[in-house]
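Worksheet: the structure to be examined is printed underneath.
Please treat every number below as a calculation from the coordinates, not as lab data. Bear in mind that the values here come from a model prediction, so they are computed numbers and not experimental data. Glycine also receives a Cβ, built like all others from the backbone with ideal geometry; neighbour counts cover every protein chain displayed.
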Amino acid sequence: MNNLLIMPLLIPLVTAVLLVFFYKQIRLQKWISGFSVLANVSVAGYMVHVVRQDGIQTLNMGGWAAPYGIVFVADMFASLLVLTTTVVSAACLYYAFGSIGKEREKFYFYPFFQFLNVGVIGSFLTGDIFNLFVCFEVMLISSYALIVLGGTKKQLRESLKYILINIISSALFVASVAYLYAVVGTLNMAHLSVRVAEAGQGGVLTTISVLFLIVFGLKAGLFLYFWLPGSYKVPPAAVTAVFGGLLTKVGLYAIIRTFTLIFYHDPYITHTLIGWLAAATMLLGVIGAIAYWDIHRILIYNIVAAVGFIAFGLAAANQAALEGAIYYLVHDMVVKALLFLLGGVIIAYTGTAKIREMGGLMRSRPVLGWMFFIAAMALVGVPPLSGFIGKLLIVEGGLAAGYYWITGIGLLTSLLILYSMMRIFMNVFWGVPKSPLSEPKKGTGWLVLPASCLVILTIVLGLGAEWIYPYVNQAGETLLNPDQYIQAVLKE
Amino acid sequence: MEILMAFAIGILFMVGTYLILSRSLLRIILGTSLLTHAVHLLLLTMSRLKTGAAPLLGEKAGTYVDPLPQALILTSIVISFGVTSFFFVLAYRAYQELGTDDMEQLRGRDDE
């Protein structure tokens, strides 16, 4: 029992409620939410430290013992993701201060932003599969609001589709929970793991696991990403950065959690399926990234490709591959948010999202150019930046598991991602300006400041791998040995 | 009873899917709401239907009904209620702004 676990959830929740009361004083809202995200970063950091020192922490809500009540579990995997979430959302919030605009601020942008954090962090920490559904809904409902806030025509049009697809996947989620409950009679994830192991993962349970894979795959954009490019394109940069950095990763987290903790008995069917879905996702994502000349679309299709790569780490399911998946997940959250923030700054300067109409930005904005270059290199996985270690581990694990074809596809994908990022870089920053720079709003220059924190973080994640690796190693070990998780939750 | 429920759930799923595949936004929303109804009934049925006592200590404690699925359904109903009403409002607003509720015309173009 450790009450610390509820704090990363409670801080944004209380903040959000407070902000609703001060809906007219936008300055005060900025102060409160700016302070609260920083507080949350430190709490999450402390949580990682505690988990490193004392192992997996649990919290039984309302004092109900584990399989009966709702339990919160912080193992190293979850707490690392919570820490990354808080950092990324802090950067996006500070970026939003300068870019989101009065109109959206007046209509509860900051409360919705905090509620989104509640949902994301809750999904990482919960140890109950129905509570996971509830946290997903908290996250999704805030994302509905954020995606449509502003009410432009294309936002309305795309948010209709976004909501529809999420309602359907939520309905399927409840249906899969119903089947699972009928077969094993519990909802606590640790208890589920025990019961599934006792019953043996037969045909029925494997079918249910594939149903879960479809549900989470829809949220994560694993192969079922058809809804993603349209809806992520319409909101402003700060919101897209949060979505791209956090939302799809929550789906990936759920896939990794369920298939390492509960349904790990029949990897021949489930993990092979995940592997091929991952390969298809990587290829299709990167084809999309090459096909478009729109900076937003290129970045969005890069999200899809990365989802495939991380899922491949899960499919290989050995120590190296899982560690790689965790490392890459953390890296990808940071770097995707960073790229969208920088993309937003570029668009603010040039006034267009089409890279063919830009050019020569390096001369007038060298800092922005170099930051984008570093971010792109980190995304591709050039050493010593953060993407390299994750990629190395996943490739190593993939080869060890005998997935030669998919590993090859992964490496090919990296090359094509390099091509797509270089195409942005060369078109936007090199050459001569094709059209006069539009006069940016006052204060646009300050927007690179929150982004620069994330740049420093990607460099630290790469150069400091020596210090960070033990944490990732611990997380990977817990994923490989579900007994540790079960022991921590179901102990007397 | 379970077989009867299975048919009811199947028909609800069928009608819901049919409506979601149609072009009119209003029908789609009604389809999602039927789909969630079907899922709730599924949850109820999968935890076995029986007539029993309330899950309280006392004389009838031996024959109690599992309360957990009902709690889950209640939670899910509340969520789907909120989401459906939001969806309706959004659809109305989109209709006002875009002047159509035909999904075929809401495809959007790539070049914007």
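Which shape class, rounded, prolate or oblate, goes with the protein assembly as shown when its Cα gyration tensor gives a ≥ b ≥ c as root eigenvalues, a/c under 1.5 marks rounded, and past that a/b bigger than b/c marks prolate?
prolate
For region A:272-333, what is the relative contact order in percent, using Cα pairs closer than 8 Å and at least 6 residues apart in sequence?
Relative CO of region A:272-333 lands at 35 percent.
Filter A:161/A:233; A:153/A:233; A:106/A:354; A:161/A:336; A:336/A:391 down to the pairs with a C-alpha to C-alpha distance above 20 Å, please.
Among A:161/A:233; A:153/A:233; A:106/A:354; A:161/A:336; A:336/A:391, the Cα-Cα distance tops 20 Å for A:106/A:354; A:161/A:336.
I need the shape label for region B:24-67. Rule: rounded when a/c is under 1.5, else prolate if a/b > b/c, else oblate, with a, b, c from the alpha carbon gyration tensor.
Taking the square roots of the gyration eigenvalues as a ≥ b ≥ c, region B:24-67 is prolate.
Relative contact order of chain A: what whole-number percent is it, with Cα pairs under 8 angstrom and at least 6 residues apart?
17
In whole Å, largest first, what are the principal axis extents of the Cα atoms in region A:304-425?
48, 22, 21
For region A:386-492, what's the radius of gyration and Dmax over Cα atoms, in angstrom?
My reading of the Cα-based Rg and Dmax gives 21.1, 69 Å.
Given that compact globular proteins tend to follow 2.2 N^0.38 Å, what is the ratio of the alpha-carbon Rg of region A:296-342 to that value?
Ratio of Cα Rg to 2.2 N^0.38 Å: 1.21.
Based solely on its DSSP helices, what 222 nm [θ] is calculated for chain B when runs of n ≥ 4 H residues each add -39,500 (n - 2.57) and the sum is averaged over all residues, nearest 500 deg cm²/dmol?
Calculated from helices alone, the mean residue ellipticity at 222 nm is -22500 deg cm²/dmol.
Rounded to two decimal places and with Rh computed the Kirkwood way over Cα pairs, what is Rg over Rh for region A:143-294?
Here the Rg-to-Rh quotient is 1.03.
Between the alpha-carbon centers of region A:442-469 and region A:37-65, tell me the distance in whole angstrom.
If you average the Cα positions of each part, the centres end up 25 Å apart.
For chain A, what is the calculated [θ] at 222 nm in deg cm²/dmol (nearest 500), taking -39500 (n - 2.57) for each run of four or more DSSP H residues and dividing by its residue count?
Estimated from H runs of four or more residues: -25000 deg cm²/dmol.
In whole Hz, what ³J(HN,Hα) sequence does region A:91-105 give by Karplus (6.51, -1.76, 1.60; θ = phi - 60°), x for Gly and Pro?
Values per residue, Gly and Pro as x: 4, 5, 5, 5, 5, 5, 3, x, 10, 7, x, 4, 4, 6, 4 Hz.
On a straight-distance basis, which aspartates and glutamates could pair with residue A:24 in a cross-link, Cα separation under 20 angstrom, same-chain partners fewer than 8 positions away excluded?
A:103, A:105
Which order do peptides A:348-359, A:168-179, A:193-204 fall in by mean Cβ count within 10 Å, highest first?
Most protected by this proxy first, the peptides run A:168-179, A:348-359, A:193-204.
How large, in Å, is chain B by the Kirkwood hydrodynamic radius built from its alpha-carbon pairs?
After inverting the pairwise mean of 1/r, the radius is 16.6 Å.
Using the alpha-carbon centroid of each, what span in Å lies between region B:38-72 and region A:239-286?
35
Could you list which residues have their amide H under 5 Å from that of residue A:128, counting only those 5 or more apart in sequence or on another chain, with H placed in the peptide plane?
Residues meeting the amide H criterion: A:71, A:189.
Between residue B:97 and residue A:418, what is the spin-label point distance in nm, taking each point 7 Å from the Cα along the Cα→C-beta axis?
4.2
Using the Karplus curve 6.51 cos²θ - 1.76 cosθ + 1.60 with θ = phi - 60°, what ³J(HN,Hα) values do you get for each residue of region A:148-154, in whole Hz, with x for Gly and Pro?
Karplus-based 3J(HN,Hα) across region A:148-154 equals 9, 4, x, x, 6, 4, 5 Hz.
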